[in-house]
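A.B. asks: Please find one structure pasted underneath; my questions will follow.
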Amino acid sequence: MTRQNIGSNENKNPAAAARGSQLASDFTVSVHYDSRLYREDIAGSIAHARMLGRQGIVESADVDKIVGGLTTIAAEIETGEFVWNPELEDIHMNVESRLFELIGDAAGRLHTARSRNDQVATDTRLWTQVACSRAFEAVVSLQTALVELAESHIDTVMPGYTHMQRGQPVVLAHHFMAYFEMFDRDATRFAQAAESADVMPLGSGALAGVPYPIDREWVADELDFNDISRNSMDAVSDRDFIVEFLIASSLAMAHLSRLAEEMVIWSSDEFGFIALSDEFTSGSSIMPQKRNPDFAELIRGKTGRVYGSLVALLTTIKGLPLTYNRDLQEDKEGLFDAADTVITALEAAAGMVSGMTVDANRMRQAAEKSFVLATDIADYLVGKGVPFREAYIAVSDLSKQCIENNVGFGELTLGDFQEVSDLFDEGVMEITLDTAVAARNVPGGTAPKRVRAAIEEAKQMLAETTQ
Ligand code: ARG
């Protein structure tokens, strides 16, 4: 095979030519994924049909037949009886075609004063709102799991890290509550994305509105939309609301993947801070001792596909002339995949958080066998009137000596302290991990009493959310 003759058989080969025409038709088909819009599609059609009847645009006998037929179709889809035909391209044509089979000519009146362009935009907005509220609920469950775990570790001291180096002591609850905050912003973003999706395009027709006396407000009410779109040309071609959902999902995945990464590190033999429950780990096929944190790794790993969907859609909509273009059909697979991914990842993370066991002793030891009290010792000198920078140098010298002699601050005598500064007195011997965390008694600090209050506030917020 060379570049010259590769593919050259195609013209002579009828099978290859047939594959070619098959490809041409498959290329435009979307029913294998947009069938997921069936609930929204049928609800939208029923509301539209009823409105056509109320407005005297379609006779009520026909409306009844249409509504009856659509209800049957919904049931057929639910039970799996419905036969999807890829030749009919998408969900909308499949439903319409079945409606003809069921009720005959009256089916032809449903698409009065409507286009697939305002129809699909309406369906997708309804679907996105459901996805937003499911994601929101999944975020809240994860937050609840984090708060519960935090509550039992208000006095569990561990090293807090910067640059993955032990920095200052914190309580484990404070660490988990940091994630609570991240997910709280995610919850807000999902709620905002739901609000953006909550605008009804139906009535925009193909692009310019429709020449019938329709009642858009009535349909919006039926479908529980808060608003109707103000400009038909924008309404049929706007997919910003999906971008917003994908941004919310991407940030949630970013946060989940940070949490997942810590679970991977913390459950390693090197750290040994936590053990993940069996449910969220799996064995190795050749190394019998292993408990791999597969769920955490997959949460981390699946982040990429959600970012991918965001970038894909941003790229799809860029440079599209008004109004609807078929490019916009590419909005849905990324939306569906991102929703599935972020919701399951949130659920898995909640399960992992609830099921993990914490080795509080091991965490405390990690803090003890380190120099995380260095800042507090320097602060002690500051309390004696030494400028912070000078105190910093004294304690830095002290820790260098400790490292050389392979001892920790805990093993130093008052005399050792006084060698680097004669301002050290008995009080320095009282600095411990517990006094250090308690001293960070500022709003947002790691002092156990502040963390306890933060947890109380969080529980209050969650109670208000889930009411
Ligand atoms: N399947 C199409 C989509 O998802 C529906 C709208 C088709 N409109 C059209 N003018 N071809 O975008």
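A.B. asks: Excluding ligands and nucleic acids, what accessible area in Å² is computed for Val395 using a 1.4 Å probe, to the nearest 10?
C.D. replies: Number for this one is 10 Å².
A.B. asks: Another question, then. Take every Cα pair under 8 Å in the chain that's 6+ residues apart, average their separations, divide by the length, and report that relative contact order as a whole percent.
C.D. replies: Working: 637 pairs, mean separation 75.0, N = 467.
Worked out over the chain, it gives 16 percent.
A.B. asks: Residues with beta-carbon under 12 Å from that of Ala312, excluding Ala312: net charge, scoring Lys, Arg +1 and Asp, Glu -1? Walk me through the intermediate numbers first.
C.D. replies: On the way: positive: Arg239, Arg305, Lys318, Lys332; negative: Asp327, Glu330, Asp331, Glu333, Asp337.
Spelling it out: positives minus negatives among the neighbours equals -1.
A.B. asks: Against the longest alpha carbon principal axis of the chain, how many degrees, from 0 to 90 and to the nearest 10, is the axis of helix 14-26 turned?
C.D. replies: Roughly 70 degrees, rounded to the nearest 10.
A.B. asks: Also: Quote the accessible area belonging to Asp278 in square angstrom, nearest 10, computed with a 1.4 Å probe and with ligands, DNA and RNA left uncounted.
C.D. replies: 110 Å²
A.B. asks: For a Förster distance of 22 Å, can you work out the FRET efficiency between the beta-carbons of Val407 and Gln165, rounded to the nearest 0.05? Could you put the intermediate results ahead of the total?
C.D. replies: Working: r = 19 Å, r/R0 = 0.87.
It comes to 0.70.
A.B. asks: For the chain, what does the helix formula give at 222 nm: sum of -39500 (n - 2.57) over DSSP H segments with n ≥ 4, over the residue count, nearest 500 deg cm²/dmol? Write out the running numbers ahead of the final one.
C.D. replies: Values: 18 runs with 288 residues, N = 467.
Taking each H run of at least 4 residues, the total per residue is -20500 deg cm²/dmol.
A.B. asks: To the nearest 0.05, what FRET efficiency results for Glu217 and Thr72 with a Förster distance of 30 Å applied to their C-beta separation?
C.D. replies: Numbers: r = 29 Å, r/R0 = 0.95.
In this case the efficiency is close to 0.55.
A.B. asks: May I ask you to give the percent of accessible area on the chain that is carbon plus sulfur, with a probe radius of 1.4 Å? Spell out each step's value before the answer.
C.D. replies: Numbers: 11950 of 23570 Å².
It is 51 percent, rounded to a whole number.
A.B. asks: Straight distance only, please: which lysines reach the Cα of Lys384 with their own Cα at less than 28 Å, same-chain residues fewer than 8 apart left out?
C.D. replies: Leaving aside lysines fewer than 8 places away in the same chain, those within reach of Lys384 are Lys369, Lys400, Lys449.
A.B. asks: Hey, another quick one. Counting only the heavy atoms of the protein chains, how much of Ile403 is accessible to a 1.4 Å probe, in Å² to the nearest 10?
C.D. replies: Spelled out: Ile403, probe radius 1.4 Å, area about 110 Å².
A.B. asks: Would you please state which residues of the range 31-65 a label at Met93 would reach in this model, taking the label point 7 Å out along Cα→Cβ and a backbone N cut-off of under 11 Å?
C.D. replies: Counting backbone N atoms under 11 Å from the label point, the list is 31.
A.B. asks: Here's a follow-up. For the range 60-122, run through the GluC sites (Glu not before Pro) and keep only the ones in DSSP coil with at most 11 other Cβ atoms within 10 Å of their Cβ. Intermediate values should be presented prior to the final figure.
C.D. replies: On the way: sites: Glu76, Glu78, Glu81, Glu87, Glu89, Glu96, Glu101; in loops: Glu81, Glu89.
Hits after loop and neighbour filter: Glu81.
A.B. asks: Can you tell me the orientation of helix 294-317 relative to the chain, as the angle in degrees between its alpha-carbon axis and the longest Cα principal axis, to the nearest 10?
C.D. replies: Helix 294-317 sits at roughly 50 degrees to that axis.
A.B. asks: With everything on Cα atoms, drop me the angle between helix 116-151 and the longest principal axis of the chain, reported from 0 to 90° to the nearest 10.
C.D. replies: It is inclined by approximately 20 degrees.
A.B. asks: To the nearest 0.05, how large is the calculated FRET efficiency for Arg452 and Asp224 if R₀ is 56 Å and r is the Cβ-Cβ distance? Numbers along the way, then the final one.
C.D. replies: On the way: r = 41 Å, r/R0 = 0.73.
About 0.85, to the nearest 0.05.
A.B. asks: Sticking with this structure for a sec: Can you compute the modelled spin-label distance between Arg258 and Ala191, with each label point 7 Å from Cα toward Cβ, in nm?
C.D. replies: 2.1 nm
A.B. asks: Using a 10 Å cut-off on Cβ atoms, rank the peptides 458-466, 201-209 from the highest mean neighbour count down. List each step's numbers first, then the result.
C.D. replies: Numbers: 458-466: 13.7, 201-209: 21.1.
In decreasing order of mean packing, 458-466, 201-209 become 201-209, 458-466.
A.B. asks: Okay, which of the range 33-56 sit inside 19 Å, backbone N to the point 7 Å along the Cα-Cβ direction of Glu81?
C.D. replies: 38-39, 42-43
The values are calculated or read from the model by the stated rules, or taken from the named source; none is laboratory data. Just so we're clear, the structure is a prediction, and the values are computed from it rather than from any experiment. Cβ atoms come from the backbone with ideal geometry, glycine included; neighbour counts cover every protein chain shown. For accessibility, only protein heavy atoms count, side chains too; no ligands or nucleic acids. Shrake-Rupley method; radii C 1.70, N 1.55, O 1.52, S 1.80 Å.
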